[in-house]
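The values are calculated or read from the model by the stated rules, or taken from the named source; none is laboratory data. Here the structure is a predicted model, which is why all the values come from computation and not from measurement. With ideal geometry, Cβ positions are generated from the backbone for all residues, glycine too; neighbour counts draw on all protein chains shown. Side chains included, ligands, DNA and RNA excluded: accessible areas come from the protein's heavy atoms. Shrake-Rupley method; radii C 1.70, N 1.55, O 1.52, S 1.80 Å.
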Amino acid sequence: DAGVIQSPRHEVTEMGQEVTLRCKPISGHDYLFWYRQTMMRGLELLIYFNNNVPIDDSGMPEDRFSAKMPNASFSTLKIQPSEPRDSAVYFCASSLTGRWYEQYFGPGTRLTVT
Amino acid sequence: RKEVEQDPGPFNVPEGATVAFNCTYSNSASQSFFWYRQDCRKEPKLLMSVYSSGNEDGRFTAQLNRASQYISLLIRDSKLSDSATYLCVVNMNDYKLSFGAGTTVTVRA
């Protein structure tokens, strides 16, 4: 079975550009989480969805970040405009209601903003 | 103060040795506890849940001390494949996980 799929795997962009990260959760999972990981701050939850509805976006750093989940099999995280401090690995994870804490992470998108 | 704090290590141990490390959490209202494992440049994966009475999963033993607000992980008979970063994870009875920065373990032949 396919796991969580993320694209692109690597993204290098210039400051000020728009960046869109994509995620396909595991089929049947009803929770989807977006995380960011850096050496300085570790793994931080940005936002999570339940049944495609955003539940908690308190971890989103600022208005430059937005996330959508138009259907059960697709989610995006957009940064506009990007800044060098946004450089990080962005993970998407999905899980089932009964075992929501067992989150299956995708391989991550390594974002570098120059 | 960070919500979850861990000794970053690294803990360098020979194969077959036992290694143990703790993490502390700041919020006494925390409800659920887990250990995740993250290999170098890979995604985190759930290793085990941590129950109040302590629990084992093969060579791994997890303990919870609510009074002192710490969680421990012990690995017996270490294998080379145990080399990874172990993330301590805490939940506050919502659907959000708070991750520690991780403890790195390196098992050498």
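Could you tell me whether region B:19-35 includes any residue that is in a loop (DSSP other than H, G, I, E, B), in contact with a Pro (Cβ under 7 Å, 6 or more places away or on another chain) and either open to solvent by 80 Å² or more (accessible area, probe 1.4 Å) or at negative phi (or both)? Looking for residues that are in a loop (DSSP other than H, G, I, E, B), in contact with a Pro (Cβ under 7 Å, 6 or more places away or on another chain) and either open to solvent by 80 Å² or more (accessible area, probe 1.4 Å) or at negative phi (or both), one finds none in region B:19-35, hence no. Go through the residues of region A:14-37 one by one and say whether even a single one is among the acidic types (Asp, Glu) and assigned to a strand (DSSP E or B). No.
Within region A:38-70, can you find the residues that are assigned to a loop (DSSP other than H, G, I, E, B), more than 12 Å from the chain's Cα centre (by Cα), closer than 24 Å to B:VAL4 by Cα and among the charged types (D, E, K, R)? Let's see the steps before the verdict.
From region A:38-70, those assigned to a loop (DSSP other than H, G, I, E, B) are A:39-41, A:51-52, A:57-64; that's our starting set.
Okay, now just the ones that are also more than 12 Å from the chain's Cα centre (by Cα), so A:39-41, A:51-52, A:58, A:61-64.
Then drop every residue that is not closer than 24 Å to B:VAL4 by Cα, which leaves A:39-41, A:58, A:61-62.
Residues satisfying the conditions are A:ARG41, A:GLU62.
When A:VAL12 is tested against (1) more than 14 Å from chain B (Cβ to nearest Cβ); (2) at pLDDT below 95, just one condition goes unmet, and that condition is (2). Within region B:2-11, is there a residue that is part of a strand (DSSP E or B), open to solvent by less than 80 Å² (accessible area, probe 1.4 Å) and closer than 23 Å to A:LEU32 by Cβ? Scanning region B:2-11 turns up at least one residue that is part of a strand (DSSP E or B), open to solvent by less than 80 Å² (accessible area, probe 1.4 Å) and closer than 23 Å to A:LEU32 by Cβ. Of the residues making up region A:60-113, those that are among the charged types (D, E, K, R), surrounded by fewer than 20 Cβ atoms within 10 Å (Cβ to Cβ) and touching a residue at least 60 places away in the same chain (Cβ under 8 Å) are A:LYS78, A:GLU83, A:ARG110. Within region B:36-52, restricting attention to residues that are more than 7 Å from chain A (Cβ to nearest Cβ) and crowded, with 19+ Cβ neighbours inside 10 Å, the residue that is farthest from A:GLY108 (Cα to Cα) is B:VAL50.
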